[in-house]
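Asks: One structure follows; several queries about it will come next.
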Amino acid sequence: MNSTPTRADTDDIAIIGSRTSMKIDSESIETAAKLLDRAAQKLENSENALNLLFRSPAFSFGANFPFDLPTGDPALTWRGVENAIEDARFSPPTIAAVQSKTVELSDLLVEVSHRYADQEAEIAASFERGKKLGRGMARALVKLAAEYAATNGPSDPLSTARTYFLGSLLGTHAAISGGDMRGVLAGAVEASFPMTGVIVNWLGNDENSTAVLQHIVAVLTGEEALGGRYTGEEFAAILYGIFEGAKGHFQVHSYLFMHAVMSPALAGGLHTLVLSEIDAVAQAADLTGLQEVATTRVATISGADPPQNPADLAQRVADQYPENGDNRASQIEVETLTHFDGTQAVLGFFPGMAHAGLHKTHPNDAKGNVQAVQGLETEQTLAMKQILLDMDVPQGTDLVLSGHSKGGMDAINLSTDPEIRAKFDVVLVTTFGSPTELLKIDGLTIKGPQERGLPAATEYLNFSHREDFVPALDMAPPVGRSNQTEIVTDAAKVLEVDVPHAVADAHSMDTYVKTARRVIGLNDPDLNRVRKVGAAALGGPGIISQREVYRVEKIPPDRKE
Amino acid sequence: MNHILCYAPTAQQQQLLDYFDAAQREMEAALDLYRRALAHTKTWQSRAGEAAAREVGAGETNVWRCEQRVTDVGGALQRHFQAEDAARHYLQTAGLAS
């Protein structure tokens, strides 16, 4: 892959920062628009009053004197007043023109204030279309299952339908994450729906379920790129909608589908759910609460080259996915940098999701993901927090947190922790392929995006690929703020040319490392500001690095002493 | 308008003053509304928001210019009324008017 040629152009790179965000203060702009509406009326009133003044019969007063007024100054005659009125009414900018421009400006402000809302509305509409699709799929599957039962002897049609339904989705995910043939088989079941035509129905917006479903399958399998038809947020909203729509028909345990939706971009083939196991995992589960964690230091590395920029931070995050990693525990790292003047900086690195389902010991499973996207503490953040709070470093030491996917959400969530902020100066958080806003989940129902409140003293730098819908799982368009910079690029630019790429490729941390290296040198005001903050904490060559690698494992309740 | 004259305004003058006062009052209100709108623009950090903020700033400048010109009308009126008062005084002292 290293020898793969990449295109040098940067057309695909969008750096969304404080000055370039589509996110705006809509309420403020609409208030201003209303003020300008009133201003336009006042300008018109003023113009009318001047007009009355100009046309007033009283204007003739003094004009009929039998002699000149005792002055030769034209300003002291009615002509002077007339000139002043004419000047007020007709000299550029004329009141009439300013009034007209004010009306236009008010309209412009309303349009601007709606622009972001339109994006949000489109996402909400996608969610609704997804629900229709989910209901249609559910109905079709019930029918399919009944036919199956009639042909193959007595069985539980509903159970069979559920198996098909979940199997098709989970199987597709398995197929793209690991190339598992059983997953491909299950994916084929999904692909067969459009072929049988049993679920063709109109979803609105001139879209029918067959076309949408085909597109979803094509994106998940890498045959079509995400972004052509839907934005990542719209795509994620459709998937969530399918989940919500199908739920009512199947009484499917919500958690299962919820994490299934969140899991498809899993890199590394860790997905193990297959058809035969679906019924086994379709059981009630608690997606709340925290288990105790066991954190064990497994390696200490001294004298490594310290990270100098966000691209180096990306590589450190990638290091948390060792080739022969433990599938029962996550690996996190804390690196301490000692600068020439004796000051220190601490860096924390989080890997992302490793198990699509629930796992007894691995902290990056479905439960952790669902918790992280709600902004809740997870076992992995708990472990990192304990390590950081136990460190013997001066109060106010710089802290930099970085993470991939679910690990990025952990990094953002930990950066807002009061205890962490009391001990550290959290200067920079860098995420790769992570939802950066929150998802509101009420019980087991997805409600929609929820805006985060981020501390102003910390810089946030978030990388996402257009072909990766995981960062869009918060259903919120990328938002730039004065301390939040979103870098959105095409993963294809750093992947093999002319080869279809599955979502998993776009979500892979290795791909994000390449992207980070590709864009980090760009000259952009927001990026420059982040680099400056990072440089102060990270420093250059010669700084002493001490890396501590930890294994983090949940302790199952039945193993507790 | 600060109408300091030797004589109380005549009914005709008062009517003109009322028109002018309305023109000035409405223009000042427009300027005040623009300035209140402009105060909102400080939080518009996006590209679209910043462009809109610049438009509001330019609009406020134009309204301010219009307001200055309306003030000039008041000055012209004031000077004319003073001249009329002077004429009236001249006519009275010359015995040409009561």
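Asks: Suppose the chain between A:Asp11 and A:Thr338 were pulled fully straight at 0.36 nm per residue; how much longer would it get relative to their current alpha carbon spacing?
Replies: 113.8 nm
Asks: Normalised by the number of residues in region A:373-459, what is the relative contact order in percent for Cα pairs under 8 Å and 6+ residues apart?
Replies: Reported relative contact order: 30 percent.
Asks: Here is a follow-up. Over chain B, what is the mean sequence separation of C-alpha contacts under 8 Å (at least six apart), divided by residue count, expressed as relative contact order in percent?
Replies: 37
Asks: Additional query: Given A:Lys132/A:Lys514; A:Lys34/A:Lys132; A:Lys132/A:Lys440; A:Lys131/A:Lys440, which pairs have Cα atoms separated by over 28 Å?
Replies: In this structure, A:Lys132/A:Lys514; A:Lys34/A:Lys132 lie more than 28 Å apart at Cα.
Asks: For A:Asn528 and A:Arg79 in one chain, what is 0.36 nm times their gap in residues minus the Cα-Cα distance, to one decimal in nm?
Replies: Value of the extension gain: 155.6 nm.
Asks: Right, here's the next one. Testing the spin-label approximation: label points 7 Å from Cα along Cα→Cβ at A:Val103 and A:Thr296. State their distance in nm.
Replies: Calculated label separation equals 7.6 nm.
Asks: Calculate the spin-label point distance for A:Glu419 paired with A:Ala457, positioning each point 7 Å from the Cα along the beta-carbon direction, and give it in nanometres.
Replies: So the label points at A:Ala457 and A:Glu419 sit 1.9 nm apart.
Asks: To the nearest 20 Debye, how big is the dipole of region A:334-410 about its Cα centre, given +1 on the beta carbon of each Lys and Arg and -1 on that of each Asp and Glu?
Replies: Here region A:334-410 has a charge dipole of around 400 debye.
Asks: Then there is this: What does the extension gain come out to for A:Glu111 and A:Gln374, with contour length at 0.36 nm per residue minus their alpha carbon separation?
Replies: 91.5 nm
Asks: Also: Work out Dmax and Rg for region A:373-505 from the C-alpha atoms and quote the Rg first, both in angstrom.
Replies: Values for region A:373-505 (Cα only, Rg and Dmax): 15.9, 52 Å.
Asks: When Lys and Arg each count +1 and Asp and Glu each count -1, what net charge do the other residues less than 10 Å away from A:Ala457, Cβ to Cβ, add up to?
Replies: Result for the local shell: -1.
Asks: Please report the equivalent ellipsoid semi-axes of region A:392-453, computed as sqrt(5 x eigenvalue) of the Cα gyration tensor, largest first, in whole Å.
Replies: Gyration-tensor ellipsoid for region A:392-453: 26, 13, 8 Å.
Asks: With the crude spin-label approximation of a point 7 Å out along Cα→Cβ, what separation in nm comes out for B:Asp18 versus B:Asp85?
Replies: Result: 2.1 nm between the two label points.
Asks: Hey, which lysines would be in cross-link range of A:Lys554, C-alpha to C-alpha under 23 Å, not counting anything within fewer than 8 residues on its own chain?
Replies: Cα-Cα hits under 23 Å: A:Lys360, A:Lys367, A:Lys385, A:Lys406.
Where a number appears in this text, it was derived from the coordinates with a stated rule and is not lab data. Just so it is clear, the model here is predicted, and its values are computed rather than measured. We place every Cβ from the backbone using ideal geometry, glycine too, and count neighbours over all the protein chains shown.
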